[in-house]
Amino acid sequence: MEDTIAAISTALGVGAISIVRLSGKEAIQIVNEIWKGSDLIKSPTHKIHYGKIVEKEKEIDEVLVSIMRAPNTYTGEDIVEINCHGGIATTNKILELVLEHGARLARPGEFTERRFLNGKIDLIQAQGIKDLVDATTDEKRALAMNQLNGKVSSKIENLRQEILEKILAQIEVNIDYPEYEDIEQLTNEQILPELKNIKNKMQDILKESKNGVMIQQGIKTSIIGRPNVGKSSLLNALLGEEKAIVTDIEGTTRDIVEGEIVISGVPFHIIDTAGIRKSEQLVEQIGIKKSLEMIDQSELVLFVLNNHEKLTDQDRTILKKIENKNKIIIINKTDLKTNLEIDQLPKEECVFMSTLKEQGLDDLKEKMKELFHLEKIQTEDPTYLTNANSISFLKQAIASIDQAIDGISKNMPIDMVEIDIKKAWDELGLIIGKTYQDELINQLFSQFCLGK
Ligand code: GDP
């Protein structure tokens, strides 16, 4: 972290102001070299100065410069922010000047990475910053905020603390000053119940993390069904707008049309596929292939049938294909006479609708909610893990605790059992970045936008 880094921190484009940000030991020196105004080197911390950015004698822009000295800054290093007039040419010119004077262009997320490396935040909080910037729903924002303010991290911290105090410390103390008659008594009466207790807590967090992933990533949903059963009409009804174009010519929705609805804080990304049917037509066949692929990629399939028509072989093939998937069978066009063999369908998974008469939409949404247990999701103050890496470290930590429990049941020496418990402690540390892997750090921060 020897370099001084610089980047444009506002969105590039035309706006009232833009901010060029520098962080590092040389930040103040560099800006002072291209500056006409009071001496910035002598500036106290957290002070804003009015002056000009100059290239040799030429004035480039009239600006406000904020001086923030380490350690009470975003990165923990000296930071200078140049508020210049908005616009691509001016902002770029100022960035160029600071680079010429010794700063290096920051990588995406590098300011936040320095904040992490300087110990100001942990990894979950860093993820929270990214998620906060990216949040598109209020629930995503609330979840990101709880990552950022440390509420999520403290759940993991507490687990580590318990492992340390209630298990590892016990083992150490008893090895040095045995108060139990033998090790077996210690492990059975003290360590084993604590291990089981910790494991339960970890499993609860793991179970709940599904909710976090759902809030954060949403549920991939596809609408499948033969042409003309009412897929586009359904998508329209769900989205409440004329996004998919509805026609009564078979096979007109060849292209995939998509949209998003939020139910109980969880976004469903809905894709309407081309109609599935046997066809000679090449374009249509591409559509069918796409639909079948789509079933594989979906977390939820909305399979639409026409109440007025009998089941076809193709419908049966699809029903077989989606047998073990999260699915809802939508029996549409209930305003028409029933010819469909309803008794051959799994009743609990069916919803009756008439998109034409606007009937059944609430039942469908209710079913979607039930299927993913969304009524249990905490949307007000969610403290779930959301990140795939975090979840996989948690799983590893549970496996390590399992190993320890297994070790005890096999009367393994306590120092061998202790190795597994320490491993779990380390794996929990990986979630918050207390023990960290470079690869993981790079992966997270490279997803940030430039200048963050
Ligand atoms: P898709 O090919 O599966 O996307 O079907 P569309 O949504 O384009 O609908 C095909 C035709 O069925 C259109 O003429 C719709 O107006 C009609 N339709 C859709 N839903 C209903 C319904 O609930 N009842 C009736 N009677 N017609 C419907």
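Structure summary
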quantity	calculated
Tabulated pairs, segment 302-321, first touching a residue at least 24 places away in the same chain (Cβ under 8 Å) and not assigned by TED's automatic domain parsing to the domain that holds Leu235, second more than 11 Å from the ligand (Cβ to nearest atom) and in a helix (DSSP H, G or I), C-beta under 7 angstrom, 6+ apart or interchain	none
Every residue from segment 139-160 that is farther than 11 Å from Thr383 by Cβ and out of contact with any strand residue (DSSP E or B) (no Cβ under 9 Å at 6 or more places or on another chain)	Arg141, Ala144, Leu148, Glu157, Asn158, Leu159, Arg160
Search result, residues across segment 30-59 that are within 28 Å of Gly109 (Cβ to Cβ) and either of a type in the set (Val, Ile, Thr) or open to solvent by 80 Å² or more (accessible area, probe 1.4 Å) (or both)	Ile30, Val31, Glu33, Ile34, Thr45, His46, Lys47, Ile48, Ile53
Single unsatisfied condition, Lys25 versus (1) more than 30 Å from Asp122 (Cβ to Cβ); (2) open to solvent by 40 Å² or more (accessible area, probe 1.4 Å)	(1)
Failed item, numbered, when Asp315 is tested on (1) over 15 Å from Ser233 (Cβ atoms); (2) within 14 Å of the ligand (Cβ to nearest atom); (3) open to solvent by 90 Å² or more (accessible area, probe 1.4 Å)	(3)
Only listed residue being within 15 Å of Leu450 (Cα to Cα) and open to solvent by 30 Å² or more (accessible area, probe 1.4 Å), chosen from Asn92, Asn72	Asn92
Selected residue (criterion: surrounded by the most Cβ atoms within 10 Å (Cβ to Cβ)) from residues of segment 214-227 that are out of contact with any strand residue (DSSP E or B) (no Cβ under 7 Å at 6 or more places or on another chain) and closer than 20 Å to Lys333 by Cβ	Arg226
From the options Glu194, Glu110, Glu157, Glu181, residue that is in the same structural domain as Ile419 (by TED's automatic domain parsing) and either within 24 Å of Lys25 (Cα to Cα) or modelled with pLDDT under 90 (or both)	Glu181
Conditions (1) surrounded by 15 or more Cβ atoms within 10 Å (Cβ to Cβ); (2) polar (S, T, N, Q); (3) not in a helix (DSSP H, G or I): number failed by Ser390	(3)
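The values are calculated or read from the model by the stated rules, or taken from the named source; none is laboratory data. Keep in mind that this is a model prediction, so the values were computed, not measured. Every residue, glycine as well, gets a Cβ built from its backbone with ideal geometry; the counts of neighbours run over all protein chains shown. Ligands, DNA and RNA are stripped out before the accessible areas are found, and what is left, the full protein with its side chains, is counted by its heavy atoms. Shrake-Rupley method; radii C 1.70, N 1.55, O 1.52, S 1.80 Å.
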